[in-house]
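Undergrad: Mind having a look at this structure? Questions to follow.
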Amino acid sequence: MSCDTNQGSVNREYFRQRMVCLLEQLALNEGYNLSAIPEVRFLRSNRPLKSTPVLYDPGIVIVCQGRKRGLFGDRVYIYDEHHYLAVSVPLPFEMETDATEDRPLLAVYMHLDFKLAADMVLRIDQLGTGNEAAPTGMMSSPMDSRLSESVLRFLEAMNDKVEAQILGPALMAEIYFRGLTGEQGASMRAALTMQGQFGKIARALRRIHASYNIDLSVDQLAAEAGMSVPTFHTHFKSVTHTSPIQYLKSTRLHQARLLMVRNDMTAALASMEVGYESPSQFSREFKRFFGRTPAEEARHMRANFALPPPQEASIYVSSH
């Protein structure tokens, strides 16, 4: 397929084919490929993936070819060639991937640049624009023509060294704007500004990610959120589909897995780093959560996933 910009009429299928063509050149290697912008990574997956626990930090996932399914609570979120995924707070869920060697999954992962997004939210709110639906932690939304055009321009720029450095950040901001004013915009804005009950839970999640390796009580988290314990429990579960203690445990286990895979740590050392006092308790809870022992999971991750370095200056634990 030619990447010539003059071919054919401008329509949705042309956008999709053009994005795939450009993304194939940016995601040459299986796994996550770094880009000229620290917040952006390009993903290629040449094989299907069965249900796997993941922890996504806030951002936008745009799939140009293939399909992913997010299993969150009792809902299934499809993000594929026609739907993008917006995540407003860090959420643990189960993820599946449809991909083959002949038709690999190709996707753009945009981790949220909090300063850029917060400045944009301030301007959006001042101008009184944007979707005002009730906020949720995660949503799959249709790729409309305006977002498709924005993504296409971004991928074109990222394929040129000079344009990637000079135009890339502005084009990324344009995609942020589409997300912050789209169906999931209210959630992302509430999380960024810490407003309302949703914003208070977002603040509690940020606290957990900053302090996952120390003992945090629900009483302490509720007090910091300015809620009673029962109210905090209710709102926390409505956002994350889990309890505060289970969320903390999930965060610790995801971070331990990354330490073992990225830093080649032993399970015993990783368990201490994330706040476990008992290595045997860590091993039991790890196997219950991931379905494999720590050593088995580390080998599985190394054999099946190409993980990039940690996200620069990230305030959240993330599985990618």
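Undergrad: Can you tell me which condition Tyr212 does not meet? The list is (1) in contact (Cβ under 8 Å) with a residue 40 or more places away in the chain; (2) over 27 Å from Ser280 (Cβ atoms), and all the others hold.
TA: Single failed check for Tyr212: (2).
Undergrad: Are any residues in region 12-25 touching a residue at least 40 places away in the same chain (Cβ under 8 Å) and surrounded by 17 or more Cβ atoms within 10 Å (Cβ to Cβ), and if so, which ones?
TA: Phe15, Arg16, Arg18, Met19, Val20, Leu22, Leu23, Glu24, listed by residue number.
Undergrad: Looking for whichever is in the same structural domain as Tyr32 (by TED's automatic domain parsing), loosely packed, with under 14 Cβ neighbours inside 10 Å and in contact with a helix residue (DSSP H, G or I) (Cβ under 9 Å, 6 or more places away or on another chain) here; the options are Ser145, Ser150. Which one fits?
TA: From the options Ser145, Ser150, the qualifying one is Ser145.
Undergrad: Would you point out the residue of region 125-142, among those that are surrounded by fewer than 13 Cβ atoms within 10 Å (Cβ to Cβ) and not small (Gly, Ala, Ser), that is modelled with the highest pLDDT?
TA: Pro142
Undergrad: Between a residue in region 35-59 that is under 24 Å from Phe72 (Cβ atoms) and any residue that is aliphatic (A, V, I, L, M) and surrounded by fewer than 17 Cβ atoms within 10 Å (Cβ to Cβ), which pairs come within a Cβ distance under 7 Å, given they are 6 or more apart or on different chains?
TA: Short answer, once both residue conditions are applied: Arg41/Leu34; Ser51/Leu71.
Undergrad: Just checking, does region 175-185 include any residue being touching a Lys or Arg at 6+ places or on another chain (Cβ under 7 Å) and either in a loop (DSSP other than H, G, I, E, B) or modelled with pLDDT under 85 (or both)?
TA: No: zero hits.
Undergrad: For region 274-284, state whether one or more residues are of a type in the set (A, V, I, L, M), out of contact with any Lys or Arg (no Cβ under 6 Å at 6 or more places or on another chain) and outside the structural domain of Leu55 (by TED's automatic domain parsing).
TA: The answer is no, given that none of the residues of region 274-284 is of a type in the set (A, V, I, L, M), out of contact with any Lys or Arg (no Cβ under 6 Å at 6 or more places or on another chain) and outside the structural domain of Leu55 (by TED's automatic domain parsing).
The values are calculated or read from the model by the stated rules, or taken from the named source; none is laboratory data. If you're wondering where the values come from, they're calculated on a predicted model, not measured in any experiment. Cβ atoms come from the backbone with ideal geometry, glycine included; neighbour counts cover every protein chain shown.
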